[in-house]
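Report on the following structure.
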Amino acid sequence: MQFIDLQKQYSLLESKIEQAIKVVLKHGQYINGPEVGILESVLSEYVGTKHCISCSSGTDALLMSLMAQDIGPGDAVFTSPFTFIATAEVIKLLGATPIFVDIDKTFNIDPAKLLESIENCILNKKLIPKAIIPVNIFGLLADYESINKIKAKYKLYVIEDAAQSFGATYKNKKSCSFGDVGATSFFPAKPLGAYGDGGAIFTNDDDIAKKLFSIREHGQGKAKYDNIYIGLNGRLDTIQASILLEKMKLFPNELEKREIIAEKYNKLLFKFYNKQNVSKDNKSAWAQYSILAKNEIHRLNCIKALTKINIPTSIYYPKPLHLQEAFRGLNYKEGDFPMSELIANKIFSLPMHPYLTDTEIDEISQVLIKCKK
Ligand SMILES: *Cc1c(COP(=O)(O)O)cnc(C)c1O
């Protein structure tokens with residue numbers, strides 16, 4: 001059994017993807033070829049935003065989004081410590097300061113604590129609050145109704161870290177359309193994955209979009225060798241765009257399949273395991289299906305029992321970011337974010353991909369029911 005089975009999807013798309021790659025090889029526009037622009041139109045239409053700026057990775061999508069607002073030294077950017085390193089790494093990379101805010105039972109940033117943290121930051125007068133990066137962890141949208149009220153009150157910039165949530169919805173509105181910008185990833189294992197690195201940024205703001213297109217091309221101005229910003233080589237390869245265009249045709253159907261699989265897991269396991277709280281207005285993209293063990297020892301036992309019959313699992317994330325060595329300079333300590341630490345100690349993820357069969361779901365669930373205590 002595979003944790004994420006990319007081969008099954010490939011077998012369905014094999015001839016179409018090979019044909020699409022061949023077209024690129026023949027026309028030879030490997031950088032900024034026509035497929036890149038076509039993909040951007042398809043994706044912005046899907047998400048429902050005016051602009052889509054494709055780019056080299058989810059990390060660069062976040063980095064470029066911060067660069068577009070000139071975020072740097074002296075600026076505070078609020079985010080969750082229960083996420084992948086990239087979310088906060090890009091803040092530090094620009095010389096700004098990540099301020100972590102604990103999560104709630106959705107495993108996403110807690111809006112009440114966010115408000116408190118922003119007010120503390122203002123009182124402290126050391127850093128200027130500039131932006132919020134809510135993370136849509138495992139594919140579930142954060143609480144943007146509350147976050148955007150806070151954003152308006154303090155005039156902050158919101159970057160949706162949608163690396164795991166492409167395709168997710170809240171009240172039928174799609175992920176990547178809730179912030180000033182939405183940043184997603186096409187890393188192969190994400191809900192919409194390429195065959196290499198890739199990412200995209202979504203926005204309705206014409207000025208931000210224009211600046212992002214420029215940052216992506218080394219801060220290019222009107223002419224090719226005219227540079228108006230410090231930028232990056234942040235482009236998505238044409239071959240990856242052509243692959244994503246084919247995968248996008250299957251994507252809505254794959255999301256439905258993920259939803260059905262998550263419901264099956266829920267039904268079989270809800271009596272025995274706690275999990276992420278998903279409200280009825282939300283549809284997750286189910287990048288991961290994660291459950292909570294009773295404690296670390298119980299988690300180890302569950303993982304062992306599953307491994308014994310070759311069922312793979314993963315722990316996202318065993319160590320919250322405030323406890324990472326890389327962020328030692330921020331002076332956080334154990335106990336600062338109790339909910340994140342508690343979840344990090346109990347959580348583990350089960351196989352999740354659109355082609356998981358009923359037999360496999362049953363098999364996984366039976367093992368888990370047996371090791372429920
Ligand atoms: C994967 C991921 C990223 C980074 O995306 P890459 O394409 O791997 O650079 C950022 N944030 C979160 C939450 C992620 O899961």
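A few comments on the model shown:
- With contacts taken as Cα pairs under 8 Å at a separation of at least 6 residues, the chain carries a relative contact order of 21 percent.
- 3J(HN,Hα) along segment 171-188, derived from phi through the Karplus expression 6.51 cos²θ - 1.76 cosθ + 1.60 where θ = phi - 60°, amounts to 6, 6, 8, 7, 3, 5, 10, 9, x, 5, 9, x, 10, 10, 10, 10, 3, x Hz, with x in place of Gly and Pro.
- Taking the convex hull of the alpha carbon positions in segment 38-112 and averaging its projected area over all directions gives 6.3 nm².
- Cα gyration tensor shape for segment 205-292, rounded if a/c is under 1.5, else prolate or oblate: prolate
- Working note: Debye formula, equal point scatterers on the alpha-carbon atoms of the chain, no solvent; log10 I(q)/I(0) at q = 0.12 Å⁻¹ is -0.91.
- Ellipsoid equivalent to segment 149-285 - semi-axes via the Cα gyration tensor, in Å: 33, 21, 11
- By the Cα gyration tensor, segment 325-368 has an equivalent ellipsoid whose semi-axes, rounded to whole angstrom, run 36, 13, 7 from largest to smallest.
- Charge dipole (segment 334-373, unit charges on Cβ, about Cα centre) - positive-most of PRO354, SER340, CYS371: CYS371
- Relative to the compact-globule estimate of 2.2 N^0.38 Å, the Cα radius of gyration of segment 280-347 comes out at 1.34.
- A simple packing score, the average count of other Cβ atoms within 10 Å per residue, orders the peptides 343-349, 52-58, 149-155 as 52-58, 343-349, 149-155, with the highest score first.
- Shape index of segment 242-373: Rg/Rh, with Rg the Cα radius of gyration and Rh the Kirkwood radius from the inverse mean 1/r over Cα pairs, equals 1.02.
- Only Lys, Arg, Asp and Glu carry charge here, each on its Cβ (+1 for the first two, -1 for the last two); on that basis the chain has a dipole of about 680 debye about its Cα centre.
- The tail of the calculated P(r) for segment 171-227 beyond 18 Å holds 50 percent of all Cα-Cα pairs.
- Nearest-0.05 FRET efficiency for LEU342 and ASP70, computed from C-beta distance (R0 22 Å): 0.05
- Taking the DSSP beta bridges with both ends in segment 82-221, the antiparallel portion is around 55 percent.
- The largest-to-smallest principal axis extents of the Cα set in segment 1-138 are 59, 38, 27 Å.
- Per-residue [θ]222 nm for the chain (sum of -39500 (n - 2.57) over DSSP H runs n ≥ 4, rounded to 500): -13500 deg cm²/dmol
- Projecting the Cα positions of LEU123, LEU156, TYR170 onto the charge dipole of segment 97-193 (unit charges on Cβ atoms of Lys, Arg, Asp and Glu, taken about the Cα centre) puts LEU156 furthest along the positive direction.
- Over segment 176-268, relative contact order from alpha-carbon pairs under 8 Å, at least 6 apart, %: 20
- Accessible area of the chain belonging to carbon and sulfur atoms, whole % at 1.4 Å probe: 54
- Quotient of C-alpha Rg and 2.2 N^0.38 Å, computed over segment 103-221: 1.14
- Dipole check for segment 140-298: with +1 at the C-beta of Lys and Arg, -1 at the C-beta of Asp and Glu, and the Cα centre as origin, the magnitude is about 440 Debye.
The values are calculated or read from the model by the stated rules, or taken from the named source; none is laboratory data. Because the structure is a prediction, the values reported are computed rather than measured. So basically every Cβ, Gly included, is an ideal-geometry build from the backbone, and we count neighbours across all protein chains shown. These accessible areas exclude ligands, DNA and RNA; they are computed on the full protein's heavy atoms, side chains included. Shrake-Rupley method; radii C 1.70, N 1.55, O 1.52, S 1.80 Å.
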